[in-house]
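Novice: One structure follows; several queries about it will come next.
Every number in this text was worked out from the coordinates using simple rules, so none of it is lab data. Please read all numbers here as calculations on a predicted model, not as lab measurements. Methodologically, a virtual Cβ is constructed for each residue, glycine included, from the backbone with ideal geometry; neighbour enumeration extends over all protein chains shown.
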Number of protein chains: 2
Amino acid sequence: MTPKLPALVCALVALAASGAAAQTPTPIADRYREAATRIIQTAQADSAAWDRIATLTDTYGHRLSGSRALEDAIDWMLAQMQRDGFDRAWTEPVKIPHWVRGQESAELVSPRRAKLHMLGLGMSVGTPKNGITAPVLVVKSFDELTARAAEAKGKIVLFNEPWVNYGATVRYRTGGASAAAKVGARAVLIRSVAATSIRSPHTGTLVYDTTVAKIPAAALSTEDADMLARMAARGQAVVVTLKMEARQLPDADGRNILAEIRGSEHPEEVVVLGGHIDSWDVGTGAMDDAGGVVASWEALRLIQRLGLKPRRTIRVVGWTNEENGTRGGTGYRDAHRAEVDNHILAIESDGGVFAPKGFGATASPAAIEMLREISTLLAPIGADDLSIGGGGADIGPIMQLGVPGLGLSVEGERYFWYHHSEGDMVDKLDPAEVAKCVATLAVMAYVVADMPDRLPRGEPMRRQ
Amino acid sequence: MTPKLPALVCALVALAASGAAAQTPTPIADRYREAATRIIQTAQADSAAWDRIATLTDTYGHRLSGSRALEDAIDWMLAQMQRDGFDRAWTEPVKIPHWVRGQESAELVSPRRAKLHMLGLGMSVGTPKNGITAPVLVVKSFDELTARAAEAKGKIVLFNEPWVNYGATVRYRTGGASAAAKVGARAVLIRSVAATSIRSPHTGTLVYDTTVAKIPAAALSTEDADMLARMAARGQAVVVTLKMEARQLPDADGRNILAEIRGSEHPEEVVVLGGHIDSWDVGTGAMDDAGGVVASWEALRLIQRLGLKPRRTIRVVGWTNEENGTRGGTGYRDAHRAEVDNHILAIESDGGVFAPKGFGATASPAAIEMLREISTLLAPIGADDLSIGGGGADIGPIMQLGVPGLGLSVEGERYFWYHHSEGDMVDKLDPAEVAKCVATLAVMAYVVADMPDRLPRGEPMRRQ
């Protein structure tokens with residue numbers, strides 16, 4: 001059928017418009033399209049990544065810094081990596097904090113007796129053996145605490161700011177204890193930093209201000225925090241007994257775990273990618289961050305299986321102690337300081353391996369342009385977004401020395417439902433989504449490691 | 001502007017068509033439109049219902065049959081009802097089962113030691129003091145258990161059927177224990193009957209088959225059940241220690257709580273509505289079912305406040321012991337047997353007071369027609385659906401004697417996230433949605449109680 005003239009004109013105009021809007025194919029993307037297609041197809045054809053996350057987390061459980069489970073998990077991973085046939089698999093020692101939770105509880109004593117659902121905050125000090133029993137002062141914000149400072153002395157302060165977003169709300173977890181200590185509080189409770197709750201408290205680290213007394217700190221489930229706030233609003237005297245055995249032991253011997261495929265032309269140049277192998281001592285740390293470290297590892301294995309021989313070295317790292325010290329990230333920087341200038345790119349996955357959207361990038365305008373071009377190869381799985389700003393806690397130390405950084409970005413709607421809670425287990429991850437994350441990491445790492453030009457450095461672009 | 005002729009014809013045709021499709025206004029709906037509008041507007045103007053649910057549940061906590069909290073809550077409610085100025089507020093004695101949970105735990109012993117997140121099932125027997133330690137046989141269904149019956153002897157059977165819907169999945173909670181006992185199991189675990197989980201186990205009643213041994217039964221969180229299933233699928237020996245102090249005490253003295261506005265013309269004719277005042281011993285039973293009982297009570301209070309004087313009596317009942325015996329419902333039937341023939345309609349709310357959609361009805365075709373007409377008055381708040389089939393556990397006993405029954409139907413998507421779990425607290429309910437439920441219950445109860453014709457009885461319509 002021959003289309004009539006006006007329809008034909010319309011079609012041509014539409015075609016021209018769509019051509020103008022789409023990314024013009026460029027040399028790098030063209031050169032790697034076939035490899036990217038193979039990577040994506042092969043990654044999606046099996047569920048080895050999800051299975052490994054499940055095996056790791058079911059077998060070793062949670063993996064807090066200083067725990068036997070963490071070191072056992074690293075031993076298992078090392079043995080597996082050696083079997084995977086990489087050019088090298090090894091560990092590097094790092095001294096890590098050794099905080100232990102012990103037994104803990106929070107009980108409502110007045111206006112009625114009830115068990116409160118709580119988790120002590122990581123790095124908190126404990127209470128005396130018989131606990132701290134005190135009236136509760138409920139505030140919504142630091143500003144309200146300042147305004148009511150005179151009421152805080154001798155009390156347990158409860159920060160009950162409802163969820164806004166992680167960055168806004170987590171301030172009470174990190175800084176609430178010292179803010180309350182400054183006005184004479186004996187302990188602090190925070191509303192869990194969580195988007196949704198089924199009476200599920202969320203732990204996470206606090207940071208003490210060394211100029212004031214360290215007081216014990218715990219998170220209540222959002223339900224319990226809200227209930228105490230309602231009781232206080234009714235004018236009832238709210239009294240709580242908080243008991244925590246939490247304490248800090250001497251630093252422990254920890255390890256980063258590493259594996260690499262040596263570059264065929266520039267083995268001294270390194271693309272590093274990974275996640276963190278430690279977790280909080282709740283759930284099994286499947287989402288945060290066994291998923292990130294296993295997806296990175298599987299990305300390397302996929303490149304290996306496909307017989308791709310990158311010009312530069314691709315190195316996977318399972319950083320230790322991200323949760324309560326970031327000693328894995330700083331230890332990696334220190335151990336590899338001599339080769340940091342040859343780190344071409346650092347990629348971190350620590351936001352859950354849900355359906356990938358692409359990456360957030362901290363890099364120069366010239367590097368961003370190349371990364372955007374490479375990202376077009378990920379359009380078939382919807383992971384072609386390359387936004388400005390991103391990285392991660394573990395690659396932060398080398399990014400500060402000038403290494404361009406990428407953070408894997410995912411559909412993270414449910415991330416803060418499970419984050420740092422007992423619910424962080426492998427069922428929250430979907431095998432098909434994990435496989436897409438593997439593909440996304442593998443394509444990006446491989447192309448940057450293999451492309452003729454070195455990814456340029458320079459002053460990072462800023463988010464507008 | 002004068003429309004051209006063809007457009008005018010089209011508009012007229014459309015108008016005629018829409019007129020034909022819409023509900024033709026009829027005498028009952030017309031007669032009560034003004035009252036319905038006042039009820040809906042007044043209900044939506046305040047949040048007293050939500051506040052009362054919060055006060056009730058925060059103050060008394062959960063309210064299991066036989067507990068002091070349940071009776072204290074009833075005393076509080078009675079005092080409030082007497083202050084509300086109804087024609088009568090009173091309680092009626094009912095003997096109720098007295099099951100107590102005691103301490104309980106489930107620990108994974110092999111392939112690694114870990115605490116499992118569990119809740120014993122209501123009415124379960126306990127374990128010996130040192131618990132039951134046994135290998136776990138994981139099955140997906142009753143059929144699989146039958147096929148593997150020879151493997152079950154001496155073991156703990158875990159039913160791990162993933163969530164389908166409540167009706168389909170709850171069979172393992174009610175019947176799992178006796179099915180496992182029949183093939184020689186020592187205890188049973190079920191995957192929690194839940195649509196979403198943050199490591200949150202869900203309790204609920206079981207029913208023992210009296211022809212086989214009673215064995216202890218508990219629900220694991222879906223995460224724990226899945227983990228055990230994965231371990232078994234890997235060929236690992238899964239061993240669990242289950243400890244439960246659960247036991248049955250002699251029946252306790254319970255009460256239904258009632259209040260009514262006496263009918264001005266036919267005080268002997270009754271429209272009864274309500275929910276259940278007891279709850280499981282987890283969370284605070286705000287959704288299941290403080291919400292239903294308080295919304296019904298507030299509906300009566302609203303009718304009272306508006307000075308509406310129905311021709312027939314409207315009675316609110318807080319039934320006791322719905323969760324583990326339904327003795328409130330059967331007790332009501334027995335205490336009011338002489339007036340059951342004069343029960344015009346029974347309405348129950350026990351599916352959560354989320355945004356109301358309308359009612360499910362068990363009634364004769366003639367009654368359905370009238371109820372559908374009344375339902376049109378609820379269109380302004382989207383609660384005008386009147387579907388065939390519905391009622392509730394507490395009104396079931398009088399429905400079996402011929403009383404037409406309605407169950408409030410709501411947007412229940414999240415109901416089974418919190419149902420019978422520690423997460424069932426008042427924050428799950430929205431004040432505006434609760435107010436709409438109050439309006440929906442009040443309009444239906446008032447119109448049926450006041451309309452000139454008595455709602456007809458007869459063989460109920462069946463769902464097609």
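Novice: Taking the Cβ of each residue in B:279, A:364 as the centre, tally the other Cβ atoms inside 10 Å and list the residues starting with the fewest.
Specialist: A:364, B:279
Novice: So, one more: Compute the label-point distances linking residue B:88 to its equivalents in the other copies; points lie 7 Å from Cα along Cα→Cβ; give nm, one decimal, shortest first.
Specialist: 8.9
Novice: Between helix A:291-305 and chain A, what is the angle of the helix's C-alpha long axis to the longest principal axis, kept within 0 to 90° and rounded to the nearest 10?
Specialist: For A:291-305 against chain A, the angle is about 20 degrees.
Novice: At residue B:393, with labels set 7 Å past Cα in the Cβ direction, how many nm apart are the copies from this one, shortest first?
Specialist: Result, one decimal in nm: 4.4.
Novice: Does segment B:264-405 come out rounded, prolate or oblate, given a ≥ b ≥ c as the square roots of the eigenvalues of its C-alpha gyration tensor, rounded meaning a/c under 1.5 and, failing that, prolate meaning a/b above b/c?
Specialist: rounded
Novice: Looking at segment B:103-245 only, what percent of DSSP beta bridges run antiparallel? Nearest 5 please.
Specialist: Looking only at bridges with both residues in segment B:103-245, the antiparallel portion is about 55 percent.
Novice: What FRET efficiency, computed as 1/(1 + (r/R0)^6) with R0 = 56 Å and r the Cβ-Cβ distance, is obtained for residue A:72 and residue B:432, rounded to the nearest 0.05?
Specialist: 0.60
Novice: Rounded, prolate or oblate for chain A? Axes are the square roots of the Cα gyration tensor eigenvalues, ordered a ≥ b ≥ c, and the cut-off for rounded is a/c under 1.5.
Specialist: Prolate, because a/c is 1.5 or more and a/b exceeds b/c.
Novice: Any chance you could get the radius of gyration and Dmax over the Cα atoms of segment B:269-322, in Å?
Specialist: 12.8, 41
Novice: If we count every other residue with Cβ under 14 angstrom of residue A:234's Cβ, Lys/Arg +1 and Asp/Glu -1, where does the sum land?
Specialist: 0
Novice: Indicate, rounded to the nearest 5 percent, the antiparallel portion of the DSSP beta bridges found entirely in chain A.
Specialist: Antiparallel: roughly 55 percent of the beta bridges in chain A.
Novice: In degrees from 0 to 90, rounded to the nearest 10, what is the angle of the helix B:431-450 Cα long axis to the longest principal axis of chain B?
Specialist: The angle comes out near 60 degrees.
Novice: Calculate the spin-label point distance for residue B:209 paired with residue A:163, positioning each point 7 Å from the Cα along the beta-carbon direction, and give it in nanometres.
Specialist: Label-label distance for residue A:163 and residue B:209, simple model: 4.3 nm.
Novice: Between segment B:276-336 and segment B:138-177, what is the C-alpha centre distance in whole Å?
Specialist: Centre-to-centre distance over Cα atoms comes out at 35 Å.
Novice: Right, next: Taking R0 as 60 Å, what FRET efficiency do you get between residue A:388 and residue B:306 from their Cβ-Cβ distance, rounded to the nearest 0.05?
Specialist: Efficiency at R0 = 60 Å is approximately 0.55.
Novice: Which pairs in the list A:243/B:243; A:309/A:357; A:214/B:115; A:140/B:357; A:115/A:436 are over 32 Å apart, alpha-carbon to alpha-carbon?
Specialist: Exceeds cut-off: A:140/B:357; A:115/A:436.
Novice: As a footprinting exposure proxy, order A:210, A:330 by other Cβ within 10 Å, with the fewest listed first.
Specialist: A:210, A:330
Novice: Among A:369, B:34, rank each residue by its count of other Cβ atoms within 10 Å, from fewest to most, as a rough exposure measure.
Specialist: The order, fewest Cβ neighbours first, is B:34, A:369.
Novice: Still on this model: Among DSSP beta bridges whose residues both lie in the protein assembly as shown, state the antiparallel percentage, nearest 5.
Specialist: Counting only bridges with both partners in the protein assembly as shown, antiparallel ones make up about 55 percent.
Novice: May I ask you to list the residues of segment B:347-364 whose amide nitrogen lies under 13 Å from a point 7 Å from Cα along the Cα→beta-carbon direction of residue B:459?
Specialist: B:364
Novice: Would you work out the relative contact order for segment A:102-245, in percent, from Cα pairs under 8 angstrom that are 6 or more residues apart?
Specialist: For segment A:102-245, the relative contact order is 40 percent.
Novice: Note the angle between two axes, namely the Cα long axis of helix B:222-233 and the longest principal axis of the Cα atoms of chain B, as a number of degrees from 0 to 90, rounded to the nearest 10.
Specialist: 40
Novice: For every helix of n ≥ 4 consecutive DSSP H residues, a contribution of -39,500 (n - 2.57) applies; sum these over chain B, divide by its total residues, and give [θ] at 222 nm rounded to the nearest 500 deg cm²/dmol.
Specialist: That calculation yields -11000 deg cm²/dmol at 222 nm.
Novice: Let me ask something else about it. Between residue B:366 and residue B:95, what FRET efficiency follows from the Cβ-Cβ distance if R0 is 45 Å, with the result rounded to 0.05?
Specialist: For residue B:366 and residue B:95, the calculated efficiency is 0.70.
Novice: Take every Cα pair under 8 Å in chain B that's 6+ residues apart, average their separations, divide by the length, and report that relative contact order as a whole percent.
Specialist: 21
Novice: Using only alpha-carbon positions, what ratio does the radius of gyration of segment A:122-244 give when scaled by 2.2 N^0.38 Å?
Specialist: 0.95
Novice: What are the extents of the Cα atoms of the protein assembly as shown along their three principal axes, listed from largest to smallest and rounded to whole Å?
Specialist: 98, 87, 70
Novice: Provide an ascending nm list, one decimal, of label-point separations from residue B:234 to the equivalent residue in each further copy; define each label point as 7 Å from Cα along Cα→Cβ.
Specialist: Distances between equivalent label points, in nm: 4.8.
Novice: Taking a ≥ b ≥ c as the square roots of the Cα gyration tensor eigenvalues, with a/c under 1.5 meaning rounded and otherwise prolate when a/b beats b/c, else oblate, which class fits segment B:29-157?
Specialist: Judged from the Cα gyration tensor, segment B:29-157 comes out prolate (a/c at least 1.5, a/b above b/c).
Novice: Moving to a separate point now. Using a 7 Å offset from the Cα along the Cα-to-Cβ direction at both residue A:264 and residue A:148, what is the distance between the two label points in nm, to one decimal?
Specialist: Between residue A:264 and residue A:148, the simple spin-label model gives 6.7 nm.
Novice: Another question, if that's okay. Measuring from the axis that superposes chain A on chain B, report the chain A residue with the minimal C-beta distance, rounded to whole Å.
Specialist: That would be A:198, 2.
Novice: Using alpha carbons only, what's the Rg to Rh ratio of segment B:141-192 with Rh from Kirkwood?
Specialist: Value, to two decimals: 0.95.
Novice: Then there is this: Using 0.36 nm per residue of separation minus the Cα-Cα distance, give me the extension gain between residue A:413 and residue A:110 in nm, one decimal.
Specialist: 105.4 nm
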